[in-house]
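A.B. asks: One structure, as structure tokens, below. Some questions next.
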Amino acid sequence: MNLNRRGLLLGTAAGLLGCRPEAAALEGGWVGAAHGRGHRLRELKSGALPAPQAQHRAQVLILGAGVSGLAAARGFARAGVSDAQLLELEDQAGGNSRGHQIGGLRCPLGAHYLPLPGEQAPEVVELLEELGLSRLESGRRVYDERHLCHSPQERLFYQGAWVEGLLPPAEGDAATLAQYRRFARLVEQVRTELSFAMPSLRARDSAGRARLDAMPFAQWLQAQGLVDAKLRWYLDYCCRDDYGAGTETVSAWAGLHYFASRHGFHPPGDESEPEPVLTWPEGNAWLTERLAVPQRERLHSGMTVLQVDEQRHQVEVLVWNEKAQRVEQWTAQTVVFALPLFIAARLLRSPLPALHSAAAKMRYAPWLVANLRLREPLLQRIGAAPAWDNVAYAGGATALGYVDASHQGLQPQAGPTVLTAYHALPAAQRGDLLSQPWSAWAGRVMADLRGMHPDLPAKTERVDLMRYGHAMSIPVPGLHTDAALQALSALRGRLRFAHADLAGYSVFEEAFCRGMAVAEKRS
Ligand SMILES: Cc1cc2nc3c(=O)[nH]c(=O)nc-3n(C[C@H](O)[C@H](O)[C@H](O)COP(=O)(O)OP(=O)(O)OC[C@H]3O[C@@H](n4cnc5c(N)ncnc54)[C@H](O)[C@@H]3O)c2cc1C
């Protein structure tokens with residue numbers, strides 16, 4: 001499944017990286033995604049589909065076993081439906097929240113943390129309690145310290161030294177400080193005046209929210225006189241990190257939702273603690289692996305859905321069985337699309353205007369996730385101590401820094417570790433992700449990290465790369481309040497939609513709550 005390129009000479013890359021003159025073998029390859037299977041969909045659909053060679057029946061068929069599909073299966077089980085079957089293209093469930101291992105060390109392939117859920121996400125609170133992550137003590141919710149991100153959580157590489165937190169320092173810089181404080185006040189103002197919620201489906205509709213959704217975040221910031229370079233860098237970083245695109249591209253609603261739906265914005269001098277997050281060496285795969293356990297008997301992996309045909313009394317679904325190398329037919333009373341909307345639009349045989357309208361508006365961000373196995377810890381430079389999340393101020397245009405998989409470990413001695421580096425790419429580079437070799441992308445990742453850690457190339461043993469052509473939907477202006485998306489979310493007939501795309505952006509809570517909701521009867 002994965003193309004492995006062994007023995008890239010780091011000496012060859014040395015010219016590119018301007019580092020070690022001697023040649024050392026760097027291993028690695030592409031991991032995690034069976035691109036051939038997704039493309040089979042195109043190949044098979046361009047010709048006539050072969051006749052199915054096996055028939056199956058299910059009461060409910062869930063297409064895709066990412067967070068939303070697994071949550072939908074959980075929702076149906078709770079609603080008393082014992083025959084909800086899951087079809088998944090990859091060999092494992094989890095979608096964008098899967099994990100990986102290098103040399104026995106676990107690391108994320110995509111999602112890596114979950115903020116503590118608020119009262120608007122009771123399903124998530126309940127899940128975390130069920131998984132033993134939290135409990136009520138004298139009426140107060142307490143989380144298991146082992147799974148809360150250990151301190152220090154974040155640091156920024158700023159002008160040659162590390163500083164605590166990700167907000168660029170503003171000491172002695174009254175103008176920047178004033179802008180930080182002004183932005184914090186504006187976040188509080190919109191939070192009070194408008195409705196923000198996580199998941200967003202729990203927010204009330206309002207004209208103010210629609211106005212924010214109609215314009216790019218950068219335009220809103222400009223109109224508020226928020227022009228300080230450090231503030232603007234930080235906000236752009238937050239948007240790229242959460243949404244895969246910067247302040248010029250995402251809506252003002254999305255830019256503010258990041259802060260207003262959760263923890264606000266904390267300027268220097270604000271004494272509040274940073275928002276705690278749950279994280280694990282393997283990232284959110286810790287959650288999806290546990291969500292998949294009760295579905296084991298009903299989870300069919302290596303199954304690429306090719307076509308969905310809604311008929312008068314049932315839905316027929318054609319599937320490519322990767323192991324048996326044949327087309328099979330499933331018949332179900334209800335079908336849940338828990339896969340991206342652009343794929344759903346290709347699969348559905350009869351036209352569904354809301355689906356095609358919504359899919360046409362979606363913009364997807366390609367991402368590259370690099371897992372680097374280091375044989376020993378990196379040398380420390382001046383400033384703040386190593387943190388879980390480490391970011392360079394004004395680093396590469398696509399780079400988002402890295403998290404350290406061993407940060408949550410309880411070993412007394414630092415040893416080999418895995419760093420997971422993230423790049424959110426412009427759509428124009430989607431083709432390069434497929435066409436350029438692993439060595440070119442590995443070189444780019446290393447070159448970026450070397451600015452923070454000159455000793456990193458010499459200590460890296462292996463680089464495994466995961467590429468996402470369509471990692472997540474970007475909340476472009478107009479998407480959050482789009483009528484077609486809302487119509488799809490409300491469907492409770494034979495065809496239902498559960499993917500994170502329905503929120504117009506992608507986080508665990510959106511995928512999970514929409515998945516659980518799809519099992520509800522007609523709304
Ligand atoms: C790099 C990255 C980092 C992220 N970091 C975070 C984070 O730290 N915290 C957070 O909360 N969120 C994060 N997210 C977002 C989070 O991963 C998603 O919100 C969530 O996993 C989406 O779940 P989903 O079920 O909606 O979609 P998906 O994960 O897209 O699941 C869809 C599933 O459908 C399957 N599928 C597709 N086509 C077919 C087909 N034809 N037949 C059968 N199956 C098919 C796919 O293989 C996949 O398993 C991140 C996402 C990425 C890409």
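A.B. asks: Amide H neighbours of Glu154 under 5 Å, counting only residues 5+ apart in sequence or on other chains, H built in-plane at 1.01 Å?
C.D. replies: Gly165, Trp388, Asp389
A.B. asks: Please name which of Val391, Ala174, Asn371 has its Cα lying farthest along the dipole of the chain towards the positive end, using unit charges on Cβ (Lys, Arg +1; Asp, Glu -1) and the Cα centre as origin.
C.D. replies: Selected residue: Asn371.
A.B. asks: Over the stretch 387-504, what number does the Rg to Rh ratio reach, with both radii from the alpha-carbon atoms and Rh per Kirkwood?
C.D. replies: 1.09
A.B. asks: If you take every residue apart from Asp389 with its C-beta less than 10 Å away from the C-beta of Asp389, what net charge results, scoring Lys and Arg +1 and Asp and Glu -1?
C.D. replies: Residues close to Asp389 contribute a combined charge of -2.
A.B. asks: Once you have a ≥ b ≥ c as the square roots of the Cα gyration tensor eigenvalues for the chain, tell me rounded if a/c is under 1.5, and otherwise prolate or oblate according to whether a/b is larger than b/c.
C.D. replies: In terms of gyration-tensor shape, oblate.
A.B. asks: With charges set only on the Cβ (+1 for Lys and Arg, -1 for Asp and Glu), what does the dipole of the stretch 171-273 come to about its Cα centre, in debye to the nearest 20?
C.D. replies: So the dipole magnitude of the stretch 171-273 works out to roughly 360 debye.
A.B. asks: Going toward the positive end of the dipole of the stretch 245-360, with +1 on Lys and Arg Cβ and -1 on Asp and Glu Cβ, which of Leu347, His300, Gln311 do you reach last?
C.D. replies: The Cα lying farthest towards the positive end belongs to Gln311.
A.B. asks: Please give the charge dipole size of the stretch 210-365, origin at the Cα centre, charges +1 on K and R Cβ atoms and -1 on D and E Cβ atoms. Round to the nearest 20 debye.
C.D. replies: So the dipole magnitude of the stretch 210-365 works out to roughly 640 debye.
A.B. asks: Tell me the GluC sites (Glu not before Pro) within the stretch 269-298 that lie in a loop according to DSSP and have at most 15 other beta-carbon atoms within 10 Å.
C.D. replies: Here the sparse-neighbourhood loop sites are Glu271.
A.B. asks: Take the alpha-carbon centre of the stretch 150-195, take the same for the stretch 208-258, and report the distance between them in whole Å.
C.D. replies: Result: 15 Å between the Cα centres.
A.B. asks: Hey, another quick one. Could you point to the residue in Ser195, Ala229, Gln325 farthest towards the positive end of the stretch 187-325's charge dipole, with +1 and -1 charges on the Cβ of Lys/Arg and Asp/Glu respectively?
C.D. replies: Ranked along the dipole, the leading option is Gln325.
A.B. asks: Which of the three applies to the stretch 171-273, rounded, prolate or oblate, going by the alpha-carbon gyration tensor with a ≥ b ≥ c and a/c under 1.5 meaning rounded?
C.D. replies: prolate
A.B. asks: Okay, moving on. Would you kindly derive the ³J(HN,Hα) couplings of the stretch 336-351 from the backbone phi angles with the Karplus curve 6.51 cos²θ - 1.76 cosθ + 1.60 (θ = phi - 60°), listing them in order in whole Hz, with x for Gly and Pro?
C.D. replies: Going residue by residue, I get 10, 8, 10, 10, x, 5, 5, 6, 3, 5, 6, 7, 6, 6, 8, x Hz, with x marking Gly and Pro.
A.B. asks: For Gly401, enumerate residues with amide H under 5 Å from its amide H, sequence gap 5+ or separate chain, H modeled in the peptide plane.
C.D. replies: Here Ala392, Tyr422 satisfy the definition.
A.B. asks: Something else now. Check which residues have an amide H placed less than 5 Å from Leu339's amide H, if you skip close sequence neighbours.
C.D. replies: Ala498, His499
A.B. asks: Still on this structure, I have one more. Counting only heavy atoms of the protein chains, get the accessible area per residue of the stretch 100-202 (1.4 Å probe) and round it to a whole Å² value.
C.D. replies: Here the per-residue accessible area is 50 Å².
A.B. asks: Let me ask something else about it. Using the Cα gyration tensor of the stretch 28-109, with a ≥ b ≥ c the square roots of its eigenvalues, what is the shape: rounded (a/c below 1.5), prolate (a/b larger than b/c) or oblate (neither)?
C.D. replies: oblate
A.B. asks: Using the Karplus curve 6.51 cos²θ - 1.76 cosθ + 1.60 with θ = phi - 60°, what ³J(HN,Hα) values do you get for each residue of the stretch 370-380, in whole Hz, with x for Gly and Pro?
C.D. replies: With the stated coefficients, the stretch 370-380 comes to 10, 9, 10, 8, 9, 6, 8, x, 7, 5, 8 Hz.
A.B. asks: Starting from the stretch 132-178, pick out the GluC sites (Glu not before Pro) whose DSSP state is loop and whose Cβ has at most 16 other Cβ atoms within 10 Å.
C.D. replies: Answer in residue order: Glu145, Glu171.
A.B. asks: So, one more: Can you compute the charge dipole magnitude of the chain about its Cα centre, using +1 on each Lys and Arg Cβ and -1 on each Asp and Glu Cβ, nothing else charged? Give it in debye, rounded to the nearest 20.
C.D. replies: 1360
A.B. asks: Right, next: So how exposed is Ser489, as accessible area in Å² (1.4 Å probe, rounded to 10)?
C.D. replies: Ignoring ligands and nucleic acids, Ser489 comes out at about 30 Å².
A.B. asks: Taking a point 7 angstrom from the Cα of Glu126 along the C-beta vector, which residues in the stretch 199-224 have backbone N less than 19 Å away?
C.D. replies: Counting only backbone N, you get 199-203.
A.B. asks: When all protein chains stay in place, what accessible area (Å², nearest 10, 1.4 Å probe) is found for Ser357?
C.D. replies: Taking all protein chains as shown, Ser357 has close to 40 Å².
The values are calculated or read from the model by the stated rules, or taken from the named source; none is laboratory data. No experiment lies behind these values; they were computed from the predicted model shown. Neighbour counts are summed over all protein chains in view; Cβ atoms, including those assigned to glycine, are modelled from backbone coordinates with ideal geometry. For accessibility, only protein heavy atoms count, side chains too; no ligands or nucleic acids. Shrake-Rupley method; radii C 1.70, N 1.55, O 1.52, S 1.80 Å.
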